[in-house]
Amino acid sequence: MNTPITTLPKISIRGLTKQFDGAPTHALENVDLDIGANEFVTFVGASGCGKSTLLRTIGGLETQTSGELLVDNRPVSGPGIDRAMVFQHYSLYPWMTVMENIKFCRQLAAHTQDRSSSDVEAASGRADALLRLMGLQASAGAWPNQLSGGMQQRVAIARALMGRPDIVLMDEPFGALDAQTREVMHDLIRYVHRLEKATIVFVTHDVEEALYLGSRVVLMAPRPGRIDTIYEVPFGDQRTQDLKFAPEFVRLKRDILERIRETSGMKTDLEQLQRLSGAVSEPA
Ligand SMILES: Nc1ncnc2c1ncn2[C@@H]1O[C@H](COP(=O)(O)OP(=O)(O)O)[C@@H](O)[C@H]1O
Ligand SMILES: [Mg+2]
């Protein structure tokens, strides 16, 4: 008989609760979740349901009020190079070129840890590889303000990957991009995920994006912020843009959207509006 292989989750969350000072409800209440190594898990939910708070807590930028948060079976006690973050608003340094932006954090690490020049050389090789991966070779010497939003976000992703993080935490990273650029970024980030074998935790308000990218979609609900439903995404690893038109994809998308409307109170607002406009009749 084969011995079952038990692998520890990469991230383990138990009874996680967060209350900001003076806030009337918990930003997070009793969140339980395991995220596996190399998983790509996406989070959706109405505004204010605690998605960013959860992500920032995993990143070590917030501390929980109670409960447990383990990464590699160790409690998170602050930010670390094993966890990189990418936000919606490009956080590039405007006075540095693309290449300097990508190398910056690594150079800082080399400096503070008094590393040898061969480490800095290795970092250059990595930066070159990431530039190619992101299709930015021609822009290595450009300034951030010379780049489109999509290209700036590619630089931010390359910079996040520089230190070979185990976990990449992304908070609505494509939220400010137009629909076409976003599609390209979706296939790019899926490729990066396969290549770099990182665990990706990705927050979005776009259900289609969540379904296209994730192996699981975690739907959160507000007041208090909590996990409502976890959807297993049944589409395997080989995905192309056509998937978005598949009946099963459309059905899941509709289910998730409907559930977000229900949990956010938006469903009642929409029904009232429809009644006002005469689209549906008053209930008898
Ligand atoms: N720094 C903060 N101080 C006080 N309340 C906050 C802070 N950050 C978030 N909140 C509150 O916590 C709840 C969850 O917020 P957030 O995690 O930003 O939600 P989401 O990202 O899902 O929109 C909201 O009610 C929000 O107002
Ligand atoms: Mg948010």
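Annotations
- Qualifying residues in region 38-69 (those that are of a type in the set (Val, Ile, Thr) and surrounded by 18 or more Cβ atoms within 10 Å (Cβ to Cβ)) - the one nearest to ligand 2 (Cβ to nearest atom): Thr53
- Hey, Asp72 in contact with a Pro (Cβ under 7 Å, 6 or more places away or on another chain), at pLDDT 95 or above and surrounded by fewer than 22 Cβ atoms within 10 Å (Cβ to Cβ) or not: no
- Test result for Gly15, under 18 Å from the mean Cα position of the chain (by Cα) and on the phi > 0 side of the Ramachandran plot: no
- Residue list for region 150-188, filter: closer than 19 Å to Ile35 by Cβ and either among the hydrophobic types (A, V, I, L, M, F, W, C) or touching a strand residue (DSSP E or B) at 6+ places or on another chain (Cβ under 7 Å) (or both): Ala160, Leu161, Pro165, Asp166, Ile167, Val168, Leu169, Met170, Asp171, Glu172, Pro173
The values are calculated or read from the model by the stated rules, or taken from the named source; none is laboratory data. Keep in mind it's a predicted model, so treat the numbers as computed, not measured. FYI the Cβ positions are ideal-geometry reconstructions off the backbone, even for glycines, and counts take in every protein chain you see.
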